[in-house]
Structure formats: C-alpha cells, structure tokens
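Undergrad: Let me give you the structure first, and then I'll get to my questions.
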Amino acid sequence: MKINRAVIIQCRLSSTRLPQKALKPLGGKPILSWVLESMKKVKADAYYVATDRESYPIINEICQKNGFMCFAGSLDDVLDRYCSLIKEIKPSIVIRATADNPFLFYEAAEDSVIEFENKNKGKGKCDYFTYSNLPHGSGIEVFSANSLLKAQSDTSSQYEKEHVGPALYNHKDSFVCLFEKPSKDYDYPNYRTTVDTYSDYLHAIMIDQYLSKKSFVPPYKACQIVEACESKVVQNPIVLIPSTDKGHGTGHLHRCLQIAISIPSFIYIPKDATLPGINIIIDEYMKMGLENWQVINELPQKDYPAIFVLDDFNTSSEIFEKLNCGKSIISIDEGGSIHEEIDYLLDIIPSFKIERKANFVDTGYIQKPKNVRSEKSDKISNILICIGGEDPSSFTIPCVKIFSEKFPESKITAVGSSINNSNLENN
C-alpha cells in the first residue's frame, strides 16, 4: 500500500532530567499512551513510534496496545532514526511528535497537515510546516520525507541530528520552512503542557485531574486543555508538607491528610519518613478519598509555582530553601527559625515561652466548661493527665510520678497512647 502520511513519534527511555518520563503514570496509563491516543486522531496511512534498540521491548508493548508499529534505530542520532524508517516505509509526508507531550492539540495537528498539503499543490513548495504560538508541548511538525533524507545527507551537526527540525529550518537557503500563527483557538503561547521535568509532571497531573473531575474523556480537545491551564486549580497548585518525623506525633500528618481529601492537592511524604505507623494512616485516608496521585515522595523543583503549606513543627532551613521560589508559603504551628520569612503563619496554640510574636495569641476560642468551679479546694481527689493526645515526647509517665508524689491520696487517671500497665508499675 502506498503510504502518503506517516505519523512518527520519537521516544526513548534514557532521558536524564526526568528518567523514563514516557512511562510515568498519568491518569492510570503511561504518558506515551496519551501521545499515541492523541496522534491516532490525525488521519494517516501509517502510525509508528521510532525508538532506540534498548528501549524497544518496553515501548513495543505499549505500541501494540494502541495500534502503533514500533521501529528501533539509533539512540542519539534521532534524524537517522527517522530517515532509516522513511527508507523502509517510503512515505511522502512525515508527521512528527514527541513522546513527552500528553496534551497535544490533535485538531491543530490535522490542520497542520492539511496546510502542508495545500502549500505543496500545483507549483507550491513546502519542506517543513508548523504552527507557532501553541502551548509549549501541544504542537507537532510536518516534513517532506524526501527533504528529511536530504537534510540528513547535508548536516554534520550533532544538535540537528538530535532535534531533527533544525536540520531543515536552520538551512532556509536549502529548504522552504514555514512557521505560521494558528487560529485563536490554538493561540496560547504562554502555557506549557510538555513533560520534561518533575515540575512539568506535577503540572500534567493537575491538568488531568481538573479535566477528569469534569468528566471529560481523553484524549482531551484543545479547548479543554486550555480551560484546564486557565483554571485556578492548575495555576495555583497546593503542596502540603506535614511533619513525618518520629517524636512529633501524628497530628501534623492527620491535619494535612484531611486537607488533601477536601481539596485537590499534593502531600509530600518522604521515602525516609520515620513516623511510626505512617503507611497505616495513609491507607486509612485512601479509604476516605485520598488518591494515589496526591502522595509524592519528592519535593518539586524551584520552578514549580506552588502554594506550599507547612505543618512541619520545626521546618529546617534546607527544606525552606527548596520551597522559597513558590508562590506563597503558609506555615501551621511553626516553631522553627523560618517564621520571619514565611508569608502566612497560623499558630494552633502559641508555644510556651514563645520568643516571637505569634499571629494568634488569644486562646479565648478554647471553651471552658460551664460548670467550672469558682472556689479552690484544698483537697484534690481526682487528677486527669492528658498531654498532647499521643504524647510523642513521653511526658505522661513523668507527670504521673510527680503528681503521685505530691498528692499521694489522689486518684490519678492518665490518658495516652503510649501508656501501659508496665510503664506505670516501673515508674
């Protein structure tokens, strides 16, 4: 069968900024699957993924599930990879996309091919065509297959061999290359939809979450992707950072998890968290609505424009430095040295002998019992000891000992998760 149009998507698994980014899960499937589904919407006679030999076994499996053929070629010389496939299948037109763009404007891609074909009618000539001003990561390129073969024979530039397109548009004396402004439906140059870094990946997750919550079905239309990019949820992502250290109790974690199941947000749980029972707690919140995508084990890079919410008890300067390029930093119950530099501070209960000015110091919101005694009694019959709920610093037992010595005739009731009979007997 004569092949006129061939969709060829380049993909490799040896990326360095975000390792194996094409396999990163997004909405329950790898990013590569998103690209293949989008490009299947573009009319063509052949659909291929061009990868390297080492990546081939894994990539081929995804291709088969999505109706694509898989071709293995050079790892670093992507231009040669394309040209080797061109020599094998002999298409007239090559439609190029990359495997790290899950939110392609497939309608604009089809329009691009039609424009390319129209410009080659009659005496017209066009070797390369693309729309400029699309979101970074939503566009494709259209080539004359013969022009790609000529460009390969002409160039010795490693950059051009790696990036393909420059082998033509850097040599406009030899090739007719057109960059045209798209219709207003696609003209959004300030948005970014590619997945090249970890921050891009988190951004892609938020785009998908916004659209899936609205019951849109992927591959998403251009207007839907634009709507997501313009939404407050995507433009102002929230990253919750609770304390996960042993000895700080689980209150910080519970508070952040409750926020996470209420609003779309990420919650940072480091791989080396030492808080006892942390996985059990997270599993319980999964049953209450927390989703897998929300739990991240790596902090975003400085270019991620997030609102960071710290509930870390004593945030280290190292963590703070990593977050200091975000949109805002909100801290809850902060006892560390960063209190002068954060944007918003909320004290749950101001620290004892606090050395800084707290933003909430009035404890009037803590309601006293209505039947509180107004007269003091010399005899204390009953003593209730409850310190911090979980008592992460194990103050309860020493307090029991002190009060039992001072009030030997009193009945002492101690409440705490770390108390057992042996503790009381030994103390």
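Read-outs throughout are calculated quantities, based only on the coordinates presented, and are distinct from any laboratory measurement. Worth saying up front: this structure is predicted, and the values here are computed from it rather than measured. No Cβ is skipped: glycine too gets one built from the backbone with ideal geometry, and neighbour counts run over all protein chains shown.
Undergrad: For a Förster distance of 45 Å, can you work out the FRET efficiency between the beta-carbons of Met69 and Asp187, rounded to the nearest 0.05?
TA: 0.85
Undergrad: Of all GluC sites (Glu not before Pro) in segment 1-66, which ones are in loop regions per DSSP and have a Cβ with at most 15 other Cβ atoms within 10 Å?
TA: Working: sites: Glu37, Glu54, Glu61; in loops: Glu54.
Passing both the DSSP loop test and the Cβ count: Glu54.
Undergrad: Pull up the cross-link candidates among the lysines for Lys401, meaning alpha carbon to alpha carbon under 23 Å and not fewer than 8 places away within one chain.
TA: Lys379, Lys411
Undergrad: Say a paramagnetic label sat at a point 7 Å from the Cα of Ser231, along Cα to Cβ; which residues of segment 283-297 have their backbone N under 16 Å from it?
TA: 291, 293-294
Undergrad: Which entries in Lys21/Lys302; Lys40/Lys302; Lys90/Lys161; Lys24/Lys232; Lys2/Lys41; Lys24/Lys87 show an alpha-carbon gap greater than 27 Å?
TA: Lys40/Lys302; Lys24/Lys87
Undergrad: Another one. Straight-line reach from Lys287: which lysines have a Cα under 20 Å away, not including same-chain ones fewer than 8 places off?
TA: Lys213
Undergrad: Next question, about the same structure. Taking θ = phi - 60°, what integer Hz values does the Karplus form 6.51 cos²θ - 1.76 cosθ + 1.60 yield along segment 261-278, in sequence order, with x for Gly and Pro?
TA: So the Karplus estimates, Gly and Pro as x, are 7, 9, 9, x, 7, 9, 10, 8, 10, x, 5, 9, 4, 10, 5, x, x, 4 Hz.
Undergrad: Working out 0.36 nm times the residue gap between Ser92 and Ile281, then minus their Cα-Cα distance, what length gain in nm do you get to one decimal? Present the calculation step by step, with values, prior to reporting the outcome.
TA: On the way: separation 189, 0.36 × 189 = 68.04 nm, distance 5.80 nm.
Length gained, Ser92 through Ile281: 62.2 nm.
Undergrad: Tally Lys/Arg at +1 and Asp/Glu at -1 over every other residue whose Cβ is under 10 Å from the Cβ of Ser144; what's the total? All intermediate terms of the calculation are to be shown ahead of the outcome.
TA: Working: positive: Lys125, Lys150; negative: Asp127.
Taking every Cβ under 10 Å from that of Ser144, the sum is +1.
Undergrad: Under 1.5 on a/c is rounded, so check that first for the chain, then, if it is not, pick prolate when a/b is larger than b/c and oblate when it is not; a ≥ b ≥ c are the square roots of the alpha carbon gyration tensor eigenvalues.
TA: prolate
Undergrad: Between Asp378 and Asp343, what is the FRET efficiency for a Förster distance of 51 Å, r being their Cβ-Cβ separation, to the nearest 0.05?
TA: Details: r = 51 Å, r/R0 = 1.00.
Efficiency computed from Cβ-Cβ geometry: 0.50.
Undergrad: Between Glu61 and Lys121, what is the label-point separation in nm under the 7 Å Cα-to-beta-carbon projection?
TA: In this crude spin-label approximation the distance works out to 4.6 nm.
Undergrad: Excluding residues fewer than 8 places away in the same chain, name every one of the lysines whose C-alpha is closer than 21 Å to that of Lys181.
TA: Excluding near neighbours in sequence, the set is Lys119, Lys121, Lys125, Lys172, Lys221.
Undergrad: Taking R0 as 51 Å, what's the FRET efficiency between Cys386 and Asp154 from their Cβ-Cβ distance, rounded to 0.05? Mind dumping the intermediate values first?
TA: Working: r = 80 Å, r/R0 = 1.57.
It comes to 0.05.
Undergrad: Which one, Thr396, Ser337, Tyr188, is farthest towards the positive end of the dipole of the chain when Lys and Arg carry +1 and Asp and Glu -1 on their Cβ?
TA: Result: Tyr188.
Undergrad: I need the shape label for segment 1-82. Rule: rounded when a/c is under 1.5, else prolate if a/b > b/c, else oblate, with a, b, c from the alpha carbon gyration tensor. Numbers along the way, then the final one.
TA: Values: a/c = 1.98, a/b = 1.20, b/c = 1.65.
Oblate shape, in that a/c is at least 1.5 and b/c is the bigger or equal ratio.
Undergrad: Still on this model: Obtain the nm distance between the two label points defined at Lys302 and Lys411 by a simple spin-label model: each point lies 7 Å from its Cα along the Cα-to-C-beta direction.
TA: 6.2 nm
Undergrad: Length gain on complete extension for the stretch Ser212 to Ile263, per 0.36 nm per residue less the alpha carbon to alpha carbon distance? Before the final figure, lay out each step's value.
TA: Numbers: separation 51, 0.36 × 51 = 18.36 nm, distance 1.47 nm.
Computed gain between Ser212 and Ile263 is 16.9 nm.
Undergrad: Separate question: Full-extension gain between Ser328 and Asp76, please, as 0.36 nm times their residue separation minus the C-alpha to C-alpha distance.
TA: The Ser328-Asp76 span can extend by a further 86.7 nm.
Undergrad: Could you work out the helix-only [θ] at 222 nm for the chain, with each DSSP H run of four or more residues adding -39,500 (n - 2.57) and the total divided by the number of residues, to the nearest 500 deg cm²/dmol?
TA: Numbers: 15 runs with 138 residues, N = 427.
So the calculated ellipticity at 222 nm is -9000 deg cm²/dmol.
Undergrad: Between segment 1-53 and segment 247-314, what is the C-alpha centre distance in whole Å?
TA: 33 Å
Undergrad: Compute the signed sum of charges (Lys and Arg +1, Asp and Glu -1) over the other residues within less than 12 Å, Cβ to Cβ, of Leu32.
TA: Numbers: positive: Arg12, Lys21, Lys24, Lys29, Lys65; negative: Glu37, Glu61, Asp100.
Result for the neighbourhood of Leu32: +2.
Undergrad: From the C-alpha gyration tensor of segment 5-180, pull out the three semi-axes of the equivalent ellipsoid (sqrt of 5λ each), sorted largest to smallest, in whole Å.
TA: On the way: eigenvalues 122, 67, 44 Å².
Its equivalent ellipsoid spans semi-axes of 25, 18, 15 Å.
Undergrad: Follow-up question, since we're still on this one. For a bin width of 10 Å, list the pair-distance distribution of segment 236-363 built from all Cα-Cα distances, rounded to whole %.
TA: In whole percents, the pair-distance histogram is 12, 45, 34, 8, 0.
Undergrad: Also, quick follow-up: Which cysteines does the chain leave without a neighbouring Cys Cβ under 4.7 Å?
TA: Cysteines of the chain left without a disulfide-compatible partner: Cys11, Cys83, Cys126, Cys177, Cys223, Cys229, Cys256, Cys325, Cys386, Cys399.
Undergrad: Sticking with this structure for a sec: Measure off 7 Å from each Cα along the Cα-to-Cβ vector at Ser174 and His136, then give the distance between these two points in nanometres to one decimal.
TA: Each label point lies 7 Å from its Cα, and together they span 2.9 nm.
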